[in-house]
Amino acid sequence: MTPLLRVHDTTVRFGGTVAVDHVSLDVAPGSIVGLIGPNGAGKTTLFNVVAGIQAADTGRVELAGQDITHARPHIRAQLGLARTFQRLETFGTLTARENILVGAEAHRGWDRSVQPQAVAAELIDTLGLGPVAGRRADSLPTGTQRLIELGRALAMRPQLLLLDEASSGLSAYETEQTAELLRRLAGEGLTIVLVEHDMSFVMELCDRIAMLDRGVLVAEGTPEEVRTVPAVLEAYLGTAAGGGS
Amino acid sequence: MARIITMQRVPWGRAVVPVVLAAGLCLVANAAWAGRPVTLETVTQLLVFALPVAGIYAVSATGLVVVHSATGIFNFAQGAIGMLCAFVYWELSVRRDLPVWLAMVLVVAVFAPLLGIALDKLLMRRLKRAPLAAQLVGTVGLLIALLGLATLTWNPNNSYPLSPLGGSGGIEIAGVQLTWHRLITITVAILLAVAVQLILRGTRLGISMRAVVDSEDTAALYGVRPARVSATAWVIGCVSAALAGILIAPEVGNMSAETLSLLIVNAFAAAVFGRLRSLSMTYLGALLLGLLVTFSSTFLQFGGRWANLPNALPALALFAVLLLLPQATIRLGGAVRTYPMERLPSRRSVGGGTLALALFVLLAGLLASDSVLGRLVMAMSLAIVLLGLVPLMGWAGIPFLAPLALAGCGGFFTYWAGGSVAALLVAGGATAVVGVLVALPALRLRDLYLALSSVALALVTASVVLTQPEIFEQARTLDRLSLLGVDIGDPARFLGYAAVVYLLLALTLVRLRRSPLGRRFVALRDSEAAAACSGINVARHKALVFAIAGAVSGIGGGVLVQGARFASSDQFGMIGGLAIVLSLTVMGVGTVSGALAAGLMGALLTTLSLEWAPGNFTHTLELVGPALAVLALSDHPRGQIPMFRELIRERPFAFAAATTGLAAGLAAGIGLGLPGSVGVVVAVLLAWAAVVVTAARRDDGGRLPADPPPGGGQGGPADAGTGIDTPFTATGVAMLDRSLGLELERTR
Amino acid sequence: MQRFRIALVPALAAVGALLLAGCGEGGARGDSDGQAGTSKPGGKSSATAAGCDNEELKATETGITKDTINIHLGADTGAQAIPGMANGSVEAVKAWAELMNSEGGLACRQVKVSAYDTKIDPTESRNAMIEACQKSFAMVGSFMLAVADAAPLSECADKSGAKTGLPDIPGTAQGSVHACNKSTFLPAGAGGQPCPAVKGQQKVTQPLAYGDYLQSAVGKGANGAYVIANTSPATVQAIVPLYTMLQEKQGFTADLQTGAKGSDPKTHYTPMAQTMKDKKSKFALSSMSFPGFILLRQEAATQGVNSVDKWICQATCYDPAFVKAGGDLVIGSTALITHLPYEEKDANDELALFTEKVKTHNTFSTPSWVASRLFQKAVEDVVAKDGPNGLTRSALTEALKAVDSFDNEGMVAKNNPSAKIPPPCLVAVELQKDGSWKRTWPEKRGTMHCAKMDDITLDPSTAFKG
């Protein structure tokens, strides 16, 4: 099965620092892949390369077999790629509903059959944003804004969803709800790659896990496999390995 | 500070711009060659001519860079501060006859620091937190205010001779005398750069300054005292300005306040060359700029249509430098210091506003004299021009300081298409295309550099483009306007026509804001990265918003020339453009009514001073008005209209009282025939008192009131002080639950 | 409390500014009343004073009532950049009106003057014309630099509604829009360009007197530097015809012909000084206002230019402010003026009267006074023909048209107010060590050198290079 997302031998340098070092990664369609690693490992940089707002020094990115290495972000969105951001990037002065509408309306730009209002209403309902739909996004708490970002991304009906720390700022309850939602979406065919620090979230949710450390891909495989790799334990998990229930 | 990451890197792209520029320079030099022989002697002479010019640029640009590094603010008024110090120096050293060294010490070591502290406390601390465009126009307002202060205190019709330092001798190189004064200027620029560099990078104070620029709150957490650091930064800035002013003043004809204040604009290119942080590169930039300007005046000659090109060289150099900068970047980390968005006007307020405007126009048409009507027509035209900035600056958050450049193009297209009402449509369309061209820098540049490029655009348009013989080299006259056979050249009717055009455009813009496209513009401003990743073609949308701005401002320019019945390049100058952007920002850049209010305010002030209350006070008011405007701006960066809207909403009776007080005072002044100044003073003070009283009792910042009113209070977000400064109440708890989304949990 | 402090500051700033305005360096604005000395009768007296008791006076025209004649002038007194610039014009016209009124009035009526501050702004200039049309009989002595549209003058309707135009006798008319206006009459003449204005090659009439002066001062065929005020295309085109004629027709070659603006620093003049040194220029001729001229002289002195015999500036140098600003360095500068030097008031009664009644003597007050006198003459001519009730705008215009030579009793160069050409006469005065001006050419006191006019064909907009 052709991977939906293929990152091939990608390197990103910032001056003397190598943020991403010859990383190759394949993501199968319909799977949920977790990207973990210590701070500064290069996870968000890699995301930025895939999303198109960071140019890589070497390497290739392919989406559904198409080379998107030099495609601009909005083109990638058109091809089915959506993402959220590590530091909140909601449209602060628009309301929650309008944020999601923007995503849906953009989608309508390349698919005339889309009904943005209906899409937005459905997502607001799914994400439980009803009570705050008419409030300005920047007046809402962080967790709610993350949900708004997620809604905006989903409003584009993407094939591939990149989530950068989606659970950050969410309560335990909200995290669980989100995980359930993601599982359901993956079941419906959405491919998800997530960057996470919440280990229990990652281990429970993901089909495969990749770990970056100082820009290098040090481990890749199923959660069980990765859990036992010594480099992973040493560099990242420390003594509180696993952290299940 | 947000992390900035680069976009698509195209290796050969970086080389294209310098090559094109170099080729362009060669072509121009070839065409405009004056025939002076190129020998070793003349080239050496060129260098010697260039050094003093470079010295002036260097000492000005160093001040700019110093202030920006130390305070984070790009200070348009840097030259004006220097000008003021130079006048004080004249006052001390020439009029009071103090020895030169004493006068210099008093100005540089006493007056300038005090001025710096005062500016910091009164103005800059507040401007610091304002959106970038408000900061820039705030400093422009300061420039105008200082100019006004100087012309009030030292009448420009008198003479203020200042002798150069070091007397008349100097060093002779290749037959050219390099005076001591010029050598001192060059040296002081270097010493200043070195000294400031040492302070900023080598001392704790300097590092604190830079920390405060980056993030004041974080710096405060580390024990830095932002207030003290900020004051010190402005002291350093004003001292630099004073040095520059004292050194440049003897080189300028009769100490013209305006020339001294505006010379700084020529130094922008040098400052930007140094990226506003490297003083050595700034110095190099000043040298290059000096060489360019001197080369043009010695070896080239421009005549005919290009006669004004040498004047525009610094602006063109600024453009070139901005283009040469590495392509800017999509910023992550949320919208940095832009305007909080205004609430969409409700249909009721739109209807009310339309009605109010219609009533006003009707009353004016019936009651006002022809000359007042003429001014109102000008005000309405400027309001339409400013409307174009609302989507550009207010929604999309793109700083643009050259509305009159667009209006000038619109005025020309209107004239060229016959000057009729239908010509406005041609003007709108053609200026929309111009807008798209102007959008090109916006694709490469951000924030401050984008704003500076618009200043360069304003300068080049006014001095080179609009003065072409085909355009407005000679002032053009237009015929009386008629619409469908009905003559509307009469001022009252024209005012109605202009108001209709304004309304149509304003209502269209409101409609646009509500539409998906309007949302996308705001999305662009809030987070360009997220917008791009949400499928929005950033480049296309930027071009589109510029096109809209061009169309609207172009139509505004058309109405302006139709109303004035003539068109000339003087109507569309750079300073005028900055002044109306200032007015718009003071009134509220996010609102369509802000544009109208800004236009009317200018007309009101002029009318007050000329017709109802001639005399010293209103002349003062006119000159000092900008100072008040800047203070108003720093106090309410969102603008007066939003402030007044809130005031009306929250305290309708107090607002009505204030307006009535003002109107009553004015009416009394006019009706009773009080000496004009008295009437105006009374009216203004009455209104001010009312506003002050109102504002003092108004809650700001959304704090929970200590005693919540029975009935539950308003549903604002909870304030962090609750539970610490003020006790929790049941209402407060309910609000907290709502804010935290705990209600959601309970309903599941 | 914070709020009060914030609100107080602007109020304090306003008050502070008020105080400063009061204590400033003579910062009085606009509207200055004519500081006329003692009003003793002298010079001309109103010819109609005698016959005024006979007729019952009527309001025969807009701006004329049975006992007043209202006139307007637009003057650039309130421009933010140069406040008080044209104060002299207002002063002169008001002084003239006072003189009239003290001698029994003009056409048996008292003269009332309204000054409109036009702030070097085209819209305000137009507003001044509109207001004058509505309220006054004529515009007299205006000094408006920024007139872009003279339609309010030409389309002005008189009392009966006929579009006779508003009689306009300004102190100056810059640019052909104002100068070519049919109802405008210029005792000081205009630029000599064709009316109505044409583009491209055109014939411009210029006086030969300047060349005569140069010949006498530096010798035939001398070489020199020409410095042109480059503030706007208009200021360039105003002077290029004269300079071209001097160079091409009268043989005074140009070592350099460069432009300079008011905002150019002294360093802009260094290359010019160098060229003048290299080519040993004999004279320097400048059309700049005096701050620029001072910079030129200062830089030339610094660079050691000593070949120049004559530093010649425009008439704006003939101003005490120039003397004060220039100091010792500008001693010996020559001003070329088209009226008798103020110092020669004992040689001309009208000049003596002017210097006595008007305190400010400069390029604003002098032409405005002369304009007032032309207006007075035309009114008196109408009254002589039709009596004091014959005053209408059309009658005044006819009377003005009939004046084909006016020199205000020898005070100024004679010129035809309808001809719109430069005056043909010149006096050269040189600045002395004690700050006074001494006539150098022609030598006889109380006279001017008048020469013929000549045409030069050129395209003013492309003729200047540099």
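The values are calculated or read from the model by the stated rules, or taken from the named source; none is laboratory data. Keep in mind it's a predicted model, so treat the numbers as computed, not measured. So basically every Cβ, Gly included, is an ideal-geometry build from the backbone, and we count neighbours across all protein chains shown.
The conditions are (1) closer than 30 Å to A:ALA155 by Cβ; (2) crowded, with 24+ Cβ neighbours inside 10 Å; (3) over 24 Å from the mean Cα position of the chain (by Cα), and B:THR591 fails exactly one of them. Which is it?
For B:THR591, the failing item is (3).
Please name all residue pairs, on different chains or six or more residues apart, with Cβ atoms under 9 Å, provided the first residue is in the range B:180-200 and is closer than 19 Å to B:LEU284 by Cβ and not assigned by TED's automatic domain parsing to the domain that holds B:ALA270 and the second residue is assigned to a helix (DSSP H, G or I) and polar (S, T, N, Q).
Pairs found: none.
Which residue pairs have Cβ atoms under 6 Å apart, sit 6 or more places apart or on different chains, and have a first residue in the range B:35-58 that is away from every other protein chain (no Cβ under 12 Å) and within 14 Å of B:ALA189 (Cβ to Cβ) and a second that is of a type outside the set (A, V, I, L, M) and not in a helix (DSSP H, G or I)?
none
Checking A:SER24 against (1) facing chain B (nearest Cβ under 10 Å); (2) more than 21 Å from A:LEU181 (Cβ to Cβ): exactly one of these is not met. Which one?
Checking A:SER24 against (1) facing chain B (nearest Cβ under 10 Å); (2) more than 21 Å from A:LEU181 (Cβ to Cβ), the one that fails is (1).
Against the conditions (1) out of contact with any Pro (no Cβ under 7 Å at 6 or more places or on another chain); (2) in the same structural domain as C:ASN70 (by TED's automatic domain parsing); (3) crowded, with 22+ Cβ neighbours inside 10 Å, where does C:ALA151 fall short? Just the number, please.
Of (1) out of contact with any Pro (no Cβ under 7 Å at 6 or more places or on another chain); (2) in the same structural domain as C:ASN70 (by TED's automatic domain parsing); (3) crowded, with 22+ Cβ neighbours inside 10 Å, only one is false for C:ALA151: (3).
Quick one: how many residues across the range B:147-173 are more than 8 Å from chain C (Cβ to nearest Cβ) and either under 15 Å from B:LEU582 (Cα atoms) or without any contact (Cβ under 8 Å) to a residue 24 or more places away in the chain (or both)?
5
Which of the residues that make up the range B:529-552 are within 10 Å of another protein chain (Cβ to nearest Cβ), assigned to a helix (DSSP H, G or I) and farther than 22 Å from B:LEU344 by Cβ?
Within the range B:529-552, B:ALA529, B:ALA532, B:CYS533, B:VAL538, B:ALA539, B:ARG540 qualify.
Of the residues that sit in the range A:1-29 and are outside any loop (DSSP other than H, G, I, E, B) and hydroxyl-bearing (Ser, Thr, Tyr), which one is surrounded by the fewest Cβ atoms within 10 Å (Cβ to Cβ)?
Filtering the range A:1-29 for residues that are outside any loop (DSSP other than H, G, I, E, B) and hydroxyl-bearing (Ser, Thr, Tyr), the one surrounded by the fewest Cβ atoms within 10 Å (Cβ to Cβ) comes out as A:THR17.
For the range B:580-602, which positions are in contact with a Gly (Cβ under 8 Å, 6 or more places away or on another chain) and assigned to a helix (DSSP H, G or I)?
B:ILE580, B:LEU582, B:SER583, B:LEU584, B:THR585, B:VAL586, B:MET587, B:SER593, B:GLY594, B:ALA597
Exactly one of (1) within 14 Å of chain C (Cβ to nearest Cβ); (2) more than 30 Å from B:ILE398 (Cα to Cα) is unmet by B:ALA109. Its number?
Unmet condition: (1).
If C:SER405 satisfies all but one of (1) free of Cβ contacts under 8 Å to residues at least 40 places away in the same chain; (2) under 26 Å from C:GLN247 (Cα atoms), what's the number of the condition it fails?
(2) is the only condition that C:SER405 fails.
Take the residues in the range B:470-499 that are of a type in the set (Val, Ile, Thr) and at pLDDT 85 or above, then tell me which one is farthest from C:GLU131 (Cα to Cα).
Once the filter is applied, the top-ranked residue is B:ILE471.
Among the residues that make up the range B:476-493, is at least one of them part of a helix (DSSP H, G or I) and buried (at least 24 other Cβ atoms within 10 Å of the Cβ)?
No; the residues of the range B:476-493 include none that is part of a helix (DSSP H, G or I) and buried (at least 24 other Cβ atoms within 10 Å of the Cβ).
Does the range B:514-527 contain any residue that is within 14 Å of chain A (Cβ to nearest Cβ), in contact with an Asp or Glu (Cβ under 8 Å, 6 or more places away or on another chain) and farther than 17 Å from A:GLY103 by Cα?
Taking every residue of the range B:514-527 in turn, none turns out to be within 14 Å of chain A (Cβ to nearest Cβ), in contact with an Asp or Glu (Cβ under 8 Å, 6 or more places away or on another chain) and farther than 17 Å from A:GLY103 by Cα.
When you scan the range C:392-402, how many residues do you find that are aliphatic (A, V, I, L, M) and surrounded by fewer than 17 Cβ atoms within 10 Å (Cβ to Cβ)?
Of the residues in that region, 1 qualify.
Here are the criteria: (1) within 11 Å of another protein chain (Cβ to nearest Cβ); (2) closer than 18 Å to C:ILE239 by Cβ. Tell me which single one C:CYS313 does not satisfy.
Single failed check for C:CYS313: (1).
In contact (Cβ under 8 Å) with a residue 40 or more places away in the chain and surrounded by fewer than 18 Cβ atoms within 10 Å (Cβ to Cβ): does that describe A:ARG136?
It is false that A:ARG136 is in contact (Cβ under 8 Å) with a residue 40 or more places away in the chain and surrounded by fewer than 18 Cβ atoms within 10 Å (Cβ to Cβ).
Considering only helices (runs of 4 or more DSSP H) fully contained in the range B:342-416, which possess at least 2 residues that are more than 22 Å from C:LYS119 (Cβ to Cβ) and within 25 Å of the chain's Cα centre (by Cα)?
Helices (runs of 4 or more DSSP H) meeting the threshold: B:370-387, B:403-416.
Taking B:PHE521 and the conditions (1) surrounded by fewer than 21 Cβ atoms within 10 Å (Cβ to Cβ); (2) not in a loop (DSSP other than H, G, I, E, B), which numbered condition does it fall short on, given that it satisfies the others?
B:PHE521 satisfies all of (1) surrounded by fewer than 21 Cβ atoms within 10 Å (Cβ to Cβ); (2) not in a loop (DSSP other than H, G, I, E, B) except (1).
Please tell me if B:LEU459 is surrounded by 22 or more Cβ atoms within 10 Å (Cβ to Cβ), within 14 Å of another protein chain (Cβ to nearest Cβ), under 27 Å from the mean Cα position of the chain (by Cα) and more than 30 Å from B:PRO326 (Cα to Cα).
no
Looking at the range B:68-80, is at least one residue over 30 Å from the mean Cα position of the chain (by Cα), at pLDDT 90 or above and either over 30 Å from B:TRP234 (Cβ atoms) or in a helix (DSSP H, G or I) (or both)?
no
In the range C:374-391, what residues are buried (at least 24 other Cβ atoms within 10 Å of the Cβ) and within 14 Å of C:VAL111 (Cα to Cα)?
Within the range C:374-391, C:PHE375, C:VAL379, C:PRO388, C:LEU391 qualify.
Condition first: within 9 Å of chain B (Cβ to nearest Cβ), within 28 Å of B:GLY170 (Cβ to Cβ) and polar (S, T, N, Q). Can you find one or more residues in the range C:319-333 that meet it?
no
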